[in-house]
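Input: a single structure, listed below in structure tokens.
The values are calculated or read from the model by the stated rules, or taken from the named source; none is laboratory data. Just so we're clear, the structure is a prediction, and the values are computed from it rather than from any experiment. Reconstructed Cβ throughout: ideal geometry from the backbone, glycine too, with neighbour counts over all protein chains shown. Areas reflect the complete protein model, heavy atoms only, side chains present, ligands, DNA and RNA absent. Shrake-Rupley method; radii C 1.70, N 1.55, O 1.52, S 1.80 Å.
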Amino acid sequence: MKRLLLVTAGLFLLAAACKPPKMDAYEKNLEIPGHDWAYDYKPSFEVKFEPEDTASLYNIYVNVRHTAGYPYSNLWLLVSTQYPGDSIPQSQRVELPLAEASGKWLGAGIDDIYEHRIPIQRNAIFNKPGTYKITFEQNMRQNPLPYVMNVGLRIEKAGNRP
């Protein structure tokens, strides 16, 4: 009987040590105040990665929701990432295509509202466990940028690191 308990306890500990990564997907969308995205409104997202999550690759997307009145075919963003333990974020300028050259919106639409999920990085690696802070800043010439309703971040597991 003692032996059975030891074997069972050993199998339980082995199963707990081999647990799968915790982070399969993260998604959060934030409303743009008044649907006019001003330069000083910088939506921010905090994503926590556990040590076991660093063994995976991730795809990173920006979600955008706007009305048909949005005056441009694209959206330029400054995407800043603050890594765990770092005090200074690293920034990158990213273009998000929202419409074809003909003017047809690329996103899914209902009535006059369009939603886009645009990939900005495939097979991203999050090397350090901890909390990553990702901030979006609209980087268009017009301020405020009208008819933008929501912006969001989606991170989904893409597979295991080689």
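Using the structure shown, decide if residue 137 is closer than 16 Å to residue 76 by Cα, at pLDDT 95 or above and either assigned to a strand (DSSP E or B) or open to solvent by 90 Å² or more (accessible area, probe 1.4 Å) (or both). Against the criterion (closer than 16 Å to residue 76 by Cα, at pLDDT 95 or above and either assigned to a strand (DSSP E or B) or open to solvent by 90 Å² or more (accessible area, probe 1.4 Å) (or both)), residue 137 qualifies. Within the range 58-96, the residues that satisfy the criterion of being within 19 Å of residue 155 (Cα to Cα) and without any contact (Cβ under 8 Å) to a residue 40 or more places away in the chain are 90, 91, 92, 94, 95, 96.
Out of 88, 120, 125, which single residue is open to solvent by 90 Å² or more (accessible area, probe 1.4 Å), among the hydrophobic types (A, V, I, L, M, F, W, C) and closer than 25 Å to residue 49 by Cβ? Answer to the check: 88. The residue that is least open to solvent (accessible area, probe 1.4 Å), among those in the range 34-66 that are of a type outside the set (A, V, I, L, M, F, W, C) and assigned to a helix (DSSP H, G or I), is 53. Every test in (1) modelled with pLDDT of 95 or more; (2) assigned to a loop (DSSP other than H, G, I, E, B); (3) open to solvent by 50 Å² or more (accessible area, probe 1.4 Å) is passed by residue 69 save one, and that test is (3).
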